Amino acid sequence: MARPRKFDEAEVLRAAREQFWTGGYAATSLDDLTAATGLGRGSLYGAFGDKHSLFLRAFDGYCTDAVAGVEADLTGPGRAYDRLVAYLRTAAASADGGRGCLLAKSTAELAGDDAAVAERARATFLRLHELLTDTVATAQREGDLDPAADPAKLAAVVLAALRGMESVGKAGVGPDLLRAIADQTIALLPRP
């Protein structure tokens, strides 16, 4: 008979995610994961399979959380245009340095060679684009953006600016340039 697990699976996944986020997939060793999670090798393998399987579970959780956070920011109270502007400015402020976004880091590191990561990243970016498209379309219906503009194309520009801020911020360019990117992206949104 198998023994019952004596650990919190969600907490172990959170700890593994933090380790992968900090070190990247390739640079994270099994010893790093056992130290971060507090589990032995046998327990990690028994519960999650190999390193790749553990990474995919942690990555999936991150992607799900990221989408939920963006959805909460873009669908909150107030006018859609104001939420979009606030979201861009907040993204600029939070992109300054730090360890960056696990989605962006993992996509850059793994998506070219790992079909599972590529598919999850693609699905996440498409969902983010969908949320941005919905926000732009709502702002158009509310009269804050030009109704003749294509909301999907505007959302694509915003998504590219957001991902670009992430990369530029990770490089340590500083908050002034990040604010300028956000402000210029906002200025490009066609007002009625």
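Which one of these is touching a Phe, Trp or Tyr at 6+ places or on another chain (Cβ under 6 Å) and more than 25 Å from residue 168 (Cβ to Cβ): 148, 139, 115?
139
Look through segment 102-134, keep the residues that are outside any helix (DSSP H, G or I) and surrounded by fewer than 16 Cβ atoms within 10 Å (Cβ to Cβ), and return whichever of them is nearest to the chain's Cα centre (by Cα).
Filtering segment 102-134 for residues that are outside any helix (DSSP H, G or I) and surrounded by fewer than 16 Cβ atoms within 10 Å (Cβ to Cβ), the one nearest to the chain's Cα centre (by Cα) comes out as 112.
If residue 57 meets every condition in (1) at pLDDT below 95; (2) within 15 Å of residue 18 (Cβ to Cβ) apart from one, which number is that one?
Looking at each condition in turn, residue 57 falls short on (1).
Just give me the residues in segment 73-123 being touching a Gly at 6+ places or on another chain (Cβ under 8 Å) and basic (Lys, Arg), in sequence order.
Across segment 73-123, the qualifying residues are 83, 105.
Which condition does residue 143 not pass, out of (1) within 20 Å of the chain's Cα centre (by Cα); (2) of a type in the set (Gly, Ala, Ser); (3) at positive phi, if it passes all the others?
With (1) within 20 Å of the chain's Cα centre (by Cα); (2) of a type in the set (Gly, Ala, Ser); (3) at positive phi applied to residue 143, the lone miss is (1).
Please indicate, with yes or no, whether at least one residue in segment 28-48 is in contact (Cβ under 8 Å) with a residue 40 or more places away in the chain, closer than 18 Å to residue 110 by Cα, crowded, with 18+ Cβ neighbours inside 10 Å and not hydrophobic (A, V, I, L, M, F, W, C).
no
Looking only at segment 135-192, count how many residues are among the acidic types (Asp, Glu) and in a loop (DSSP other than H, G, I, E, B).
Residues in segment 135-192 being among the acidic types (Asp, Glu) and in a loop (DSSP other than H, G, I, E, B): 4 in total.
Can you tell me which of 35, 72 is hydrophobic (A, V, I, L, M, F, W, C) and either under 19 Å from the mean Cα position of the chain (by Cα) or within 28 Å of residue 129 (Cβ to Cβ) (or both)?
Going through 35, 72 in turn, the sole match is 72.
Looking at segment 96-140 only, could you name the residues that are among the basic types (Lys, Arg) and modelled with pLDDT under 95?
Those that are among the basic types (Lys, Arg) and modelled with pLDDT under 95: 99, 105.
The values are calculated or read from the model by the stated rules, or taken from the named source; none is laboratory data. Just so we're clear, the structure is a prediction, and the values are computed from it rather than from any experiment. Every residue, glycine among them, receives a Cβ derived from its backbone with ideal geometry; neighbour counts consider all protein chains shown.
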